[in-house]
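Beneath this line is the structure, given in C-alpha cells, with notes to follow.
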Amino acid sequence: MKRVTASAIAELLGGELVGDPEKQVVGVGDLRAAGPEQLAFVRGQRFVDLARQSRAGILLVPEVLEGLAQGTAQIVVRDVDAAFTRAALHFHPVPVADRRIVHPTAVVHPDADVADVVEIGAHAVVEARARLEAGVVLGPGVCIGAGSVVGERSVLRANVVLYPRVTIGARCIVHSGTVLGSDGFGYTPDRTTGEFVKVPQLGTLEIGDDCEIGANVTIDRGALGPTRIGSGTKIDNLVHVGHNCDIGKHVAIAGFSALSGSTKLGDHVVCAGHVVSAGHLSVPAGTRVGGASVLRGDVDEPGDYIGYPLVKRATWGRILKVLQELPDIRRALRRSDRDRSDGADGR
Amino acid sequence: MKRVTASAIAELLGGELVGDPEKQVVGVGDLRAAGPEQLAFVRGQRFVDLARQSRAGILLVPEVLEGLAQGTAQIVVRDVDAAFTRAALHFHPVPVADRRIVHPTAVVHPDADVADVVEIGAHAVVEARARLEAGVVLGPGVCIGAGSVVGERSVLRANVVLYPRVTIGARCIVHSGTVLGSDGFGYTPDRTTGEFVKVPQLGTLEIGDDCEIGANVTIDRGALGPTRIGSGTKIDNLVHVGHNCDIGKHVAIAGFSALSGSTKLGDHVVCAGHVVSAGHLSVPAGTRVGGASVLRGDVDEPGDYIGYPLVKRATWGRILKVLQELPDIRRALRRSDRDRSDGADGR
Amino acid sequence: MKRVTASAIAELLGGELVGDPEKQVVGVGDLRAAGPEQLAFVRGQRFVDLARQSRAGILLVPEVLEGLAQGTAQIVVRDVDAAFTRAALHFHPVPVADRRIVHPTAVVHPDADVADVVEIGAHAVVEARARLEAGVVLGPGVCIGAGSVVGERSVLRANVVLYPRVTIGARCIVHSGTVLGSDGFGYTPDRTTGEFVKVPQLGTLEIGDDCEIGANVTIDRGALGPTRIGSGTKIDNLVHVGHNCDIGKHVAIAGFSALSGSTKLGDHVVCAGHVVSAGHLSVPAGTRVGGASVLRGDVDEPGDYIGYPLVKRATWGRILKVLQELPDIRRALRRSDRDRSDGADGR
C-alpha cells in the first residue's frame, strides 16, 4: 500500500492545494463511502451536502468548498473527472510484469520468442513461433496461437484465446473469455445441393496499441486480408467484430454491439451499447451512434445518430413519440375516413 | 440410480396416490418418451390422449384420469408443474461436494482458505486469500481470483472466471465461460487529444445466495462501489450486466439481455430475452419487461411492459399492428391530400 | 508448403486453363495483394482493371481476360466463388488428426473411449465414458463432459466446453469459448414465495455432421428431450440456442442471433445477424430472415422476411421509410385536423 501526500497529489494533477500538504491517503473512493485515508471527488455545487458529510481525507474539487469536515484537504482542479482518473491510476496502475514469472504448469513451446520479463499464468499455453514482448502478463489458461504476437506490457486476463497469427500491440488489456482471430462466417453455397462449403479464413487480425477489449468478445480474423482494430480503441463486453472489419483509432464500442463483416468505422467513432451493423458499410470519423441502433448502409456525414432507421438524434426522439401515439392516430384516421364517407353518402 | 416408490413420491409431493404404492421408478421423463421406470406429468384434460398412450410408470395429474395403461400409478397434486419440478430435483439434485476431491493438476494458492469438503476440478486455479466454503464444486479450468469468496455448496462449471474480490453466496450455480467481476467500460476522454483514459475499476461484485447464472455471461465489477445481484436471482446465457448495476432479489433475466451500467432492477422483476437498458435507470419491483424491449429511462410504476418505445403490453400489440399498415396509411394519406387539394381546386 | 501446378488446379476445379500448365502456386490470396506464387479470383468485367494490376500467378476468371500481366495463367470456371473456395480448401484444409498426439498435461479419464488417432491439446479434460472418434482434434483447455461423443474428424478449438451427454457428429468445427449443453433457463415459480425453483435440465444436445459453430456460442441441452442441430448447419459467433430448439439441416444462423427455447427452424433456413426468436415457434424450410428481426410467432409460409414486426422484405423497406417521415406525417395530420375543425367552426 503506497501512502501519498496531498502535496504530491496536487503536483501530480497540477492542482491547487488548500489544506495540510502532509495529509496522506492510500487510495481513492466514492464520496459517500471514502474514509480518512482515501481521496474522493466532488463534481460541483450540487454535491456540496455530500461533500460536507464525507469522511474522505482529500477531495478533488472544481472550486474551494466551505463547511467541510475538519482537516479535509482540497485540491482544486480544472477537470475533476480527468484528475480523479489520473489519481486512481496512480494508486492502481494497470499491472505489468516487472520480473520473469512463468508458472510451472504453463506450456510454452520451445520455438516461442518470449521476452525475459513476462508473467505467464498457470495452465497458459504459448504455441510455436508466438512472440511475447517485455512486460506482458498472461493470466491463467490463456492460449496464444502459433505465430501470434503480444506487444510490450499488454495484459491478457484468464482464458483469453488468440488464434494463430493474431497481433496485439503494446499496453493493451484483453479481458477473460475473449476470442481473437477465430474464423469468420464465410460459406459458399453449393448450387446443386444447397449445402454450405466453408471458405477458409486465411487472413489475420491486427490490434493496435493501447486498446482495451472486454470479456467474452469475439473478433474474427479476415477472410483473406486482415481485420483491423486501431490504436487506442476500446471495446466493451460481448461485442462481435466480423471478418475484415476496419475499426479506426480511439473508437469506443459499448457492450453487445455486433459489427458484421467489412464494417468500417473511422477514427473517434463512438458506438453506444447494442449497435448492429449490417456489414460492408462505412461510418465517418467522429460519428456518434446511439444505443440499440441498426446500421444498414453507409453513414454519409459525421453526426449524432440513433435508431432504426438510423436518423439524427432529435428526429429519433420525435419518431419514438409518434410511435407511442400510433394506435390513436390510426383510430383518428379511421374516424375521419368514416366521417368523410358519411358526408359523401349524406350528400 | 435410486429407486423410489410411488408412496414415497406421493408423500414428498403431498399428493394423493391412486394405484400401487410399491410401484417404483428411477427418474423422470417426458410424457411421450417416459418408460415404465419413469415418472411423467399430465397438465390437464388436453393431454389425456397422450396420457393413455404413455408407458410412464407413475403420472402426476391434476385429477384422476380414466383409461390409463394397466398398472400406471397416478399421484394427484394441486400444481403439476411445481410437483414435477420437485420430483425431478429429488432424482437429479444439484451436485454438491460431499468429500474432498482436489485434482492433482489444480493450482491452489497456499494462502487460499479452502474448506475441507470441496471438489476442485482439473486445471482449476485458486489464487491467494480466496475462500471456498464447504460443499463448493469447481469444474475444470475454473479461475478464482485473489480474495474472492464462493459460498457454501455453490457450483461453478468448467472455465468460469472470477476476477479478484468477487463474492458469491451459498447454493449458486454458475455456468461455463461466464466472467464475473471484470472491469467495467469506463474511460475519461482526454480533452486535448480525444483519447480515452482508463478509469480504474476498483469496486466489487457481490452475488447473493441461490442465484443461477448462465453460460458466457459477463457481470462487471463496480467502478468504485459494488455491482450487486440479489439472492434468488436467475440470469440466462450471454447476458451482460454493467458496472454498478443493482439487481434485486428473485429477479429473472432471460438470454441476451444487456443492462448498461447503474441499472437498478427491483425485487421480482422479470426481463424476457433480449432486453436492453440504457443504464442509470430504475425499474420498480415486480415489473415485467417483455422480450426485445429497450429501456431508455426509469419505469415509474410496476406493470407489464414491452417494446421500443417501452409501453404497456396491450399497446405494443396495437403499435406493431399499425406499423405493418404504415405503408397503406401513408398511401391513403397521400390520396386524401390529393383529393382535398383537387377538391379545393375544383371549387 | 505445397506447390501445385496450374494444370492440376484446372483439373481439380473442372476449369479451362489458358496459359502455362506448369506455372506453380503455393496458396491463395486477394486480387489486390496476391503475389506471383498465389492464386486469386476475378468475379467479372468490373474487376478487370484490378486484374490487370494484379501480380497473382494464377487467376480464376468467368471468361478469358485480355491485357493481364505477362505470364499470368487464367483458369476459366463457371462459378468463380465456388471454385475459389475449393482451391482455398485444397491449400488450407480443415486440420484433422493423422497420428496420436495426447499432450502430457491433458487429463483423460481411463473410462473414456478414445480412438487411436486423435490430437488432444494441453490441459484438455476428457471425462468418464466420453467418446472421441478417429481424427478428432481437441485444442488446449477443451473440456468434454462425461458420456459426450465427438464424431470422426471433428475439431474443437481452445476452451470449448461440452457438458455431459452432448453428441457432436463427424467433421464438425467448434470455435473457442463455445459452451454446448449447459442448462436451459427453466424455473417453476413458487406460488407462495415468488421464488424460482430450478427445473432440472435432463435432456441432451445432439449436433449432426458437418456443422460449424462459432466462438462464444451457447447451446442449451433440452429440459427433458433433446435440443437438436441438424447436419450441415452453420452457426456464427455469440449465438444463443435455447433448450429444446430443433434446428434443421443446412441452416445458417449469423452472429448475435438468439433463439429462445423450443424454436423450430426447418432445413435451409437462413437467419442473418441478430435475429431474435420468442421461442415455441416454427419457421418453415427455406425461409430467409433478415438481420435484426424479431420473431414472435410461427412463420406460416417460406419467404424472405425481415423486421419487427416481421414482414416481407419489400414491405419492411417501405415501413422504415414511413417511420422516418412519421414526425412530418404527425404534423400534417395535426394541421389537417385544425383546418377541418376551423372549417367546421366557420360554417
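The values are calculated or read from the model by the stated rules, or taken from the named source; none is laboratory data. From a predicted model like this one, the values you see are computed outputs, not experimental measurements. Note that each Cβ is placed from the backbone with ideal geometry, even for glycine, and that neighbours are counted across all protein chains shown. Areas reflect the complete protein model, heavy atoms only, side chains present, ligands, DNA and RNA absent. Shrake-Rupley method; radii C 1.70, N 1.55, O 1.52, S 1.80 Å.
Can you pull the mean other chain C-beta count within 10 Å for peptide A:33-42? Before the final figure, lay out the partial values.
On the way: counts 4, 1, 0, 0, 0, 1, 0, 1, 0, 0.
Shielding by partners across A:33-42 averages 1.
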Per-copy distances of the B:Asp81 label point, shortest first, in nm (7 angstrom along Cα→Cβ): 4.5, 4.5
- prompt: Using a 1.4 Å probe on protein heavy atoms, which residues of region A:68-106 have at least 30 Å² less accessible area in the complex than alone?
  reply: A:Asp79, A:Thr85, A:Leu89, A:His92
message: How large a share of the accessible area of region C:167-257, in percent, is made up of carbon and sulfur atoms when the probe is 1.4 Å and the other protein chains stay in place?
response: 50 percent
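For the ranges B:32-45, C:13-26, A:266-279, B:246-259, what's the packing order if you count other beta-carbon atoms within 10 Å of each residue, average per peptide, and put the highest first? If you can, show how the numbers build up before the last one.
Values: B:32-45: 18.6, C:13-26: 16.7, A:266-279: 24.0, B:246-259: 25.7.
Taking the mean over residues of other Cβ atoms within 10 Å, the ranking is B:246-259, A:266-279, B:32-45, C:13-26.
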- request: Using a 1.4 angstrom probe, figure out how much accessible area the protein assembly as shown has per residue, in square angstrom, rounded to the nearest whole.
  value: 41 Å²
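At a probe radius of 1.4 Å, figure out the A/C buried accessible area, summed over both chains, and give it in Å² to the nearest 100.
On the way: alone 18430 and 18450 Å², together 32490 Å².
About 4400 Å² of accessible surface is lost on pairing.
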query: Can you work out the base-10 log of I(q)/I(0) for region B:94-237 at q = 0.22 1/Å, using the Debye formula on its C-alpha atoms alone?
result: -1.33
- line: Listed by chain and number, the residues whose amide H is under 5 Å from that of C:Arg131, excluding neighbours fewer than 5 places away on the same chain and using placed H, are C:Asp113, C:Ser148, C:Val149, C:Val150
Pseudo-label separations to other copies for A:Ala128 - Cα-to-Cβ vector, 7 Å, nm: 3.8, 3.8
For region C:211-347, alpha-carbon Rg over 2.2 N^0.38 Å: 1.45
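As an exercise, take the mean of 1/r over every pair of distinct alpha carbons in region B:52-100, invert it, and state the Kirkwood radius in angstroms. Please report the intermediate quantities before stating the final value.
On the way: mean 1/r = 0.0789 Å⁻¹.
Here the Kirkwood hydrodynamic radius works out to 12.7 Å.
In peptide C:268-277, how many Cβ atoms from other protein chains are near each Cβ within 10 Å, on average? Walk me through the numbers on the way to the answer.
Details: counts 4, 0, 2, 0, 3, 11, 11, 0, 6, 4.
Rounded to a whole number, the mean comes out at 4.
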- prompt: Kirkwood hydrodynamic radius of region C:258-320 from all distinct Cα pairs, in Å?
  reply: 11.3 Å
- line: Expected output for region B:232-263, residues with a loss of 20 Å² or more in accessible area relative to the chain alone at probe 1.4 Å, reads B:Lys234, B:Asp236, B:Asn237, B:Leu238, B:His240, B:His250, B:Ala252, B:Phe256, B:Ala258
Zero-based 5 Å bins, Cα pair distances in region C:1-50, whole percents: 5, 19, 26, 27, 18, 4, 0
statement: Correct semi-axes for chain C, from √(5λ) of the alpha-carbon gyration tensor and rounded to whole Å with the largest first, are 44, 39, 15
- line: Once amide hydrogens are built 1.01 Å from N within the peptide plane, the residues lying 5 or more places from C:Thr227 or on another chain with amide H under 5 Å from its amide H are C:Thr204, C:Leu205, C:Glu206, C:Gly222, C:Asn244
- request: Once you have all Cα-Cα distances for region C:91-137, histogram them in 5 Å bins from zero and send the whole-percent values.
  value: 6, 25, 27, 28, 8, 4, 2, 0
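What percent does the relative contact order of chain B come to when contacts are Cα pairs within less than 8 Å and at least six residues apart?
Values: 992 pairs, mean separation 22.0, N = 347.
Over chain B, the number comes to 6 percent.
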- prompt: Taking the label point 7 Å from Cα in the Cβ direction, how far apart in nm is C:Ala115 from each other copy of itself, listed shortest first?
  reply: 4.3, 4.3
field: Protection proxy ranking, peptides A:161-174, B:53-66, average beta carbon neighbours within 10 Å, highest first
entry: A:161-174, B:53-66
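Which whole-number percentage describes the relative contact order of region A:40-198, with Cα contacts under 8 Å and a sequence gap of 6 or more?
Values: 377 pairs, mean separation 18.6, N = 159.
12 percent.
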message: Give me the three principal axis extents of region B:117-159 from the C-alpha atoms, as integers in angstrom, largest value leading.
response: 19, 19, 13
task: Kindly give the semi-axes, whole Å and largest first, of the ellipsoid equivalent to region A:30-133, taking each as the square root of 5 times a Cα gyration tensor eigenvalue.
output: 47, 13, 10
- line: With no solvent term and unit scatterers on the alpha-carbon positions of region C:152-217, Debye gives log₁₀ I(q)/I(0) at q = 0.15 Å⁻¹ of -0.55
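Once the cut-off is 46 Å, how many percent of the Cα-Cα pairs in the protein assembly as shown end up in the long-distance tail? Please report the intermediate quantities before stating the final value.
On the way: 188082 of 541320 pairs.
That fraction is 35 percent.
Other chains near C:54-60: what is the mean number of their Cβ atoms within 10 Å of each residue's Cβ?
Numbers: counts 0, 0, 0, 0, 0, 0, 0.
Mean shielding count: 0.
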query: Cα centroid distance between region C:69-99 and region B:148-178, in Å?
result: 47 Å
message: Whole-Hz ³J(HN,Hα) for each residue in region C:182-188, computed from phi via Karplus 6.51 cos²θ - 1.76 cosθ + 1.60 with θ = phi - 60°, x for glycine and proline: what do you get?
response: 6, 5, x, 8, x, 9, 10
field: Fraction in percent of alpha-carbon pairs per bin - 5 Å, region A:169-276
entry: 3, 13, 22, 26, 16, 8, 5, 3, 2, 0, 0
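Counting each DSSP H run of 4 or more residues in chain C as -39500 (n - 2.57), what helix-only mean residue ellipticity at 222 nm follows after dividing by all residues, to the nearest 500 deg cm²/dmol? Write down the numbers at each step before the final one.
Numbers: 4 runs with 60 residues, N = 347.
Roughly -5500 deg cm²/dmol at 222 nm, from the helical runs in chain C.
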query: Given Cα pairs under 8 Å that are at least 6 residues apart, what percent is the relative contact order of region C:285-347?
result: 22 percent
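Beyond 31 Å between alpha-carbons counts as too far, so tell me which of A:Lys234/B:Lys264; B:Lys312/C:Lys264; A:Lys2/B:Lys264; A:Lys264/C:Lys2; A:Lys321/B:Lys234; B:Lys234/C:Lys321 fall in that bin. Provide the component values of the computation, followed by the final result.
Numbers: A:Lys234/B:Lys264 25 Å; B:Lys312/C:Lys264 28 Å; A:Lys2/B:Lys264 35 Å; A:Lys264/C:Lys2 35 Å; A:Lys321/B:Lys234 33 Å; B:Lys234/C:Lys321 40 Å.
Correct reply: A:Lys2/B:Lys264; A:Lys264/C:Lys2; A:Lys321/B:Lys234; B:Lys234/C:Lys321.
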